[in-house]
Amino acid sequence: MIESEKVKKILYGGDYNPEQWPEETWEEDMRLLKLAHIDVVTLNVFSWAALQPDEETYCFDQLDKIVDMVTRHGMKICLATATGAHPAWMARKHPDILRTDFNGMKRKFGCRHNSCPNSPTYHKYAKALAAKLAERYQSYDNIVAWHISNEFGGECYCENCEKAFRRWLQEKYKTIDAVNQAWDTAFWGHTFYDFEDIVAPNMLSEHFDYNSTTFQGISLDYKRFNSESILNCYRLEYDTIHAITPDIPITTNLMGTYQPLDYQMWAKYMDFISWDNYPSNEAPFEETAMRHDLMRGLKQGKPFALMEQTPSVTNWLPYNALKRPGVMRLWSYQAVAHGADTVMFFQMKRSIGACEKYHGAVIDHAGHEHTRVFREITELGAELDKMGALTLGARTDAKVAIVFDWDNWWATDYSAGPSVSLHYCDEIFNYYKALNDLNISADLISVEDDLSCYSLVIAPVLYMVKPGYDEKIREFVKEGGRFVTTFFSGYVDDHDLVTVGGYPGKLRDILGIWVEEEDALPEETKNSFTYGGVTYPAVLICDLLHTEGAEVLCSYEKDFYAGMPALTCNTFGKGKAYYVATRSNAAFYSTFIRELCAQAGIEPVLDTPECVEVTKRSNANGTFLFLLNHDAESHEIILPQGGRDILKDTEYQAGDALALAAKDVAVIHTK
Ligand code: GLA
Ligand code: ZN
């Protein structure tokens, strides 16, 4: 679908469910979709019930017709495997396919994304269906990707999962003693005598709400187990399909910052990343940018597919406001600016019934092309046609990395203390936003990724330091890298067991400090510190720390720990390691990050007003400067390089002013 011989442009389209409509309406759909420059449709996402009415019977007549029709109309296909919701007969005859939820409630048939990931029934029939689909449609060379299931997610706590969890633990720890040690079960007399003693951690056992557990170790392992169990379902289909159609890339649609699944592990088994982007109108644009960059980072910077977004409106927010004129186009280019090589929607046509009938679509209930949304979609489609293959495969060259780690996210969420207001993604976002506002590109990387290509590595709330990760950071800083970490870092190992001897544990020598206490401030309480002559607030958490070689850059100004360090810098080998002992505000992060980048020789792509986002991607065709005006006002931008705005066909020289209207976009191509 991306980086494939068959694809010569940014594919434009999305979910199409003609099976929900009488056949006589389909040809008119084709006319409308082609009018809108749609060239790819995602088919068959929720058709399991239609494809397999019972154990033995498979029925592809309708799907054959649909596939043939869109093929005849010259469209590409992203073919889904339909396993995102199981058929009713399966639930009736094989209740093992039903999930048991976090409260211990066994679900009945209903909703979607509803299969137990360890159900033998699910494994058997999902694999069988994937094989049948791959065999049947393998000769269609307009199939550009397989789309396995849909938005995998959730959790199951049924007996099958519990048994599988025990097997998973046995494999991981070998002995029950090792389990007891890893989870510190001597606490509260939880010692397990046998693997059979272990039960799934939920409201019936260790939890008192979703994120509150008496044993972080067991809950953390269950998260890992659940993420892997669901991944195994994906892999089962992947392997089946890949064996039949080795040349068609396979993906599944991810959901950005989705907590329950460790997408960095998932990415290893995906041919390309695709994801669904549904920000609310109020969401800061930098947050969407961060999610795009997280998705790009899953495959070390390879372009990804924007698999879904709404053309206009969602139906599931409390207030489903319309995307204002121009915003669908702006957000589509924002995805491309951050590494997307497709622009796709949910969905092509609104249903008349059920819970998504008021969700935006290319073809609205009005049923014709004379709508604002249709016009905007058509205009964007024409632009993407004109752009052709120019930007495909282009990469972002980032010198800054932000470490993002699902285990750290889970462990921070599960931590009892220090503060209920400490949220992993918020802390990542504080730093990300500062970089984004400066137009400095960042890669969001995993702890497995190489650091040597970066000049600055920021690891907010690196609470869990996995075995060997301190060594990686040590090497990076020794060789001249700049490293930043924050409060609540270096506390625990991969079992959530504390590294004793003073926080931040294994990072102490790199940072040249040790933390004695940690003060969690209630919401209305603030401390402060002064940096570069400006006083900034210290909120959320204030570490009380001592230096062991680090230089103190600022100190707290209030309370009994006034005068203790709030920000330190340690020279370590050829590099520097910074410790930000508290949370501050956007102005501080901006100033601090600007200075660090300047010292490291990292230049912003361009200086622009805060609401104008700029990114740069390059490929063999040259470089592409994406200028995105998120503001309601127009702005004039002085271009740093000459080139052609490929959307408006205008040539610019370096130093020229480009007038960017409210919500408008320019893509400057320099050869
Ligand atoms: C998700 C799903 C789609 C649809 C949209 C609605 O992304 O994948 O099937 O439900 O949400 O926003
Ligand atoms: Zn289960």
Would you work out the charge dipole size for the chain about its Cα centre, treating the Cβ of every Lys and Arg as +1 and the Cβ of every Asp and Glu as -1, and quote it to the nearest 20 debye? 1180
Rg/Rh for the chain: what does it come to with C-alpha atoms and Rh from Kirkwood? 0.98
Peptides 645-655, 288-298: what's the order by average Cβ count within 10 Å, highest mean first? 288-298, 645-655
Pop a pseudo-label 7 angstrom from the Cα along the beta-carbon direction at both residue 389 and residue 315 and give the gap in nm to one decimal. 4.0
Backbone HN-Hα couplings from phi across segment 523-536 [Karplus 6.51/-1.76/1.60, Hz, Gly and Pro as x]: 3, 7, 8, 9, 9, 7, 8, 10, 10, x, x, 10, 8, 10
Would you compute, from DSSP H runs of 4+ residues alone, the mean residue ellipticity of the chain at 222 nm, taking -39500 (n - 2.57) per run and dividing by the full residue count, rounded to the nearest 500? -9000 deg cm²/dmol
Ignoring ligands, DNA and RNA, what percent of the accessible area of segment 612-670 is carbon or sulfur (1.4 Å)? 46
Starting from the 7 Å offset along Cα-to-Cβ, what nm value, one decimal, do you get for the label separation of residue 551 and residue 27? 7.7
Calculated from backbone phi, Karplus (6.51, -1.76, 1.60) coupling profile of segment 374-383 in Hz, x at Gly/Pro: 4, 4, 5, 5, 5, 5, 5, x, 5, 5
Could you check what % of the DSSP bridge pairs in the chain are antiparallel, to the nearest 5? 55
Over the alpha-carbon set of segment 400-599, work out the extent along each principal axis and list the three values in angstrom, largest first. 41, 38, 30
Taking amide H positions as placed in the peptide plane 1.01 Å from N, state which residues far from residue 541 in sequence (5 or more) or on other chains have amide H under 5 Å from it. 521, 583
Taking 7 Å along the Cα-to-C-beta vector as the label spot, tell me the residue 591-residue 124 distance in nanometres, rounded to one decimal. 6.7
Expressed in angstrom and rounded, the centroid-to-centroid distance over alpha carbons for segment 289-357 and segment 188-208 is 41
Around residue 542, with a cut-off of 13 angstrom between Cβ atoms, what is the net charge of the other residues, counting Lys and Arg +1 and Asp and Glu -1? -4
Förster radius 30 Å - calculated FRET efficiency between residue 621 and residue 654 (Cβ-Cβ, nearest 0.05): 0.95
Identify, among 657, 619, 642, the residue whose Cα sits farthest towards the positive end of the charge dipole of segment 612-670, taking +1 on the Cβ of Lys and Arg and -1 on the Cβ of Asp and Glu, with the dipole about the Cα centre. 619
Between residue 101 and residue 62, what FRET efficiency comes out of the Förster formula 1/(1 + (r/R0)^6) with R0 = 22 Å and r the beta carbon distance, rounded to 0.05? 0.10
Segment 464-516 versus segment 214-248: alpha-carbon centroid distance in Å: 30
Over segment 159-220, give the accessible area per residue in Å² for a 1.4 Å probe, as an integer. 55
Name the residues whose placed amide hydrogens come within less than 5 Å of the amide hydrogen of residue 529, ignoring near sequence neighbours (fewer than 5 apart) on the same chain. 536, 538
If amide hydrogens are placed 1.01 Å from N in the peptide plane, which non-local residues have theirs closer than 5 Å to the one on residue 445? 402, 403, 404
Using just the C-alpha positions of segment 159-220 as equal point scatterers, what log10 of I(q)/I(0) does the Debye formula give at each q in 0.19 1/Å? -0.68
Applying the Karplus parametrisation 6.51 cos²θ - 1.76 cosθ + 1.60 with θ = phi - 60° to the phi angles of segment 28-40, what ³J(HN,Hα) value in whole Hz is obtained for each residue in order, glycine and proline being reported as x? 5, 4, 4, 4, 5, 5, 5, 4, 8, 6, 6, 10, 9
Could you sort the peptides 106-114, 14-22, 306-314 by per-residue average Cβ neighbour count (10 Å cutoff), highest mean leading? 306-314, 14-22, 106-114
Compute the length gained on full extension between residue 420 and residue 159: take 0.36 nm times their separation in residues and subtract their Cα-Cα distance, giving the result in nm to one decimal. 90.8 nm
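The values are calculated or read from the model by the stated rules, or taken from the named source; none is laboratory data. Nothing here was measured: the structure is a model prediction, and the numbers come from that model. Please note: Cβ atoms are built from the backbone with ideal geometry, for glycine as well, and neighbour counts cover all protein chains shown. SASA here: full protein model, heavy atoms, side chains in, ligands and nucleic acids out. Shrake-Rupley method; radii C 1.70, N 1.55, O 1.52, S 1.80 Å.
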